[in-house]
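See below for the structure under consideration.
The values are calculated or read from the model by the stated rules, or taken from the named source; none is laboratory data. Owing to the predicted nature of the structure, the values given are computational and were not obtained by experimental measurement. Heads up, the Cβs are rebuilt from the backbone with ideal geometry, glycines too, and the neighbour counts pull from every protein chain shown. Remember, those area values only see protein heavy atoms, side chains included, never the ligands or the DNA or RNA. Shrake-Rupley method; radii C 1.70, N 1.55, O 1.52, S 1.80 Å.
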Amino acid sequence: MDSTSGVASAPDPNSGEPGPSAGSSSASASLPQQQQLEGSSPPAPPSRYESQKRRDWNTFLQYLKNHKPPLTLARCSGAHVIEFLKYLDQFGKTKVHITGCPYFGHPNPPAPCSCPLKQAWGSLDALIGRLRAAYEENGGRPESNPFGARAVRIYLREVREGQAKARGIPYEKKKRKRSNVAVAAVNVSVEAAGGGSTSGGGGGSGDADSSAAAAAAATTTV
C-alpha cells in the first residue's frame with residue numbers, strides 16, 4: 001500500500017490550478033467575526049435625565065429602608081412623599097427668609113442672615129416628576145402613584161408660593177408659544193369662514209361654525 005494515499009497531494013505548479021493560500025483562508029475565517037462585531041454595536045449610554053432619575057429612585061428606596069419604622073413601596077402614600085421632601089431640605093442650598101427676617105421678600109439681600117437653607121421649589125417639582133415616572137416604570141400602577149397624590153401637589157404649590165414671598169421672586173408660568181402649524185390652521189379656518197359667509201345661502205353660517213370649532217381644536221391641541 002502506498003503510504004501517501006491518505007494524504008492530499010500538493011498541487012502541481014505546472015497544472016495551472018491555484019492552491020489554497022493561508023492569507024485567503026485566514027481572511028475568510030475572520031470575516032464572520034468582523035461582521036458580528038459590526039452588527040452588535042454597544043448600547044448607547046443613558047441620558048442625563050435617565051441617570052438622574054435612577055439616582056433619585058435609589059435615594060428614595062434607601063429612604064424607605066432607613067425609615068423608622070421601615071416602609072415598603074406598597075405602603076408608601078402621599079404623606080410619606082411629603083415627609084421625604086421635607087427631609088431633603090437639610091441638603092438644600094436656597095436661602096428662604098423667615099417672616100421676621102429684615103430681608104423677607106428682598107430678592108437681593110445686602111448682607112447675610114441666619115435664615116435656613118432649603119430645597120428650591122423648582123428642584124422639588126422636577127424631582128417629583130422624575131420619581132413619578134420611575135414609580136410606574138418599576139411596575140407601579142398610575143392610579144396608586146403616591147408621587148401624583150393630591151396632597152403632594154398641594155404641598156408643592158404651598159412651597160412655591162411661600163418661597164416666592166420669602167425671596168421676593170415670583171414664579172410665573174411660562175406661556176406656551178403657539179406653533180406655526182396652529183397659526184396656519186387658524187388663518188385657513190378664518191379664510192374658509194369668510195368665504196362661506198359671503199357665498200350666500202343658508203349653509204354659510206354652518207361652515208363658519210365648523211371652521212371656528214376646527215380652529216379652536218387646533219389651538220388647544222398644541
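Looking only at the stretch 139-163, count every residue that is closer than 21 Å to Asn58 by Cβ and either aromatic (Phe, Trp, Tyr) or in contact with a helix residue (DSSP H, G or I) (Cβ under 7 Å, 6 or more places away or on another chain) (or both) and tell me the total.
Residues that pass the stated criteria total 5.
Please state which one of Ile154, Ile169 is open to solvent by 30 Å² or more (accessible area, probe 1.4 Å) and at pLDDT 95 or above. Spell out the reasoning first.
Details: Ile169 fails: at pLDDT 95 or above.
That would be Ile154, the only listed residue that is open to solvent by 30 Å² or more (accessible area, probe 1.4 Å) and at pLDDT 95 or above.
Looking at the stretch 74-86, I want the residues that are closer than 21 Å to Ser123 by Cβ and touching a residue at least 24 places away in the same chain (Cβ under 8 Å) and have a partner that is among the aliphatic types (A, V, I, L, M) and not in a helix (DSSP H, G or I) with Cβ atoms under 9 Å, at least 6 apart or on another chain. Which pairs are those?
Within 9 Å, the pairs are Gly78/Ala149; Ala79/Ala149; His80/Leu71; Val81/Ala149; Ile82/Ala149.
Hey, among the residues in the stretch 60-85 that are surrounded by 14 or more Cβ atoms within 10 Å (Cβ to Cβ) and of a type in the set (Val, Ile, Thr), which one's nearest to Pro146 (Cα to Cα)?
Only one residue fits best here, namely Val81.
So which residues in the stretch 97-139 are open to solvent by 50 Å² or more (accessible area, probe 1.4 Å), in a loop (DSSP other than H, G, I, E, B) and farther than 13 Å from Gly162 by Cβ, if there are any at all?
Scanning the stretch 97-139 gives Gly100, Pro102, His106, Pro107, Asn108, Pro109, Pro110, Pro112, Ser114, Asn138, Gly139.
Pro116 - would you say it is of a type outside the set (Lys, Arg), within 15 Å of Trp57 (Cα to Cα) and over 17 Å from the mean Cα position of the chain (by Cα)?
Numbers: of a type outside the set (Lys, Arg): yes; within 15 Å of Trp57 (Cα to Cα): no; over 17 Å from the mean Cα position of the chain (by Cα): yes.
No: the conditions fail for Pro116.
With Gly196, Gly148 as the choices, which residue is at pLDDT 95 or above and either open to solvent by 80 Å² or more (accessible area, probe 1.4 Å) or not hydroxyl-bearing (Ser, Thr, Tyr) (or both)? Show your work before the answer.
Working: Gly196 fails: at pLDDT 95 or above.
None of the other options fit; the residue is Gly148.
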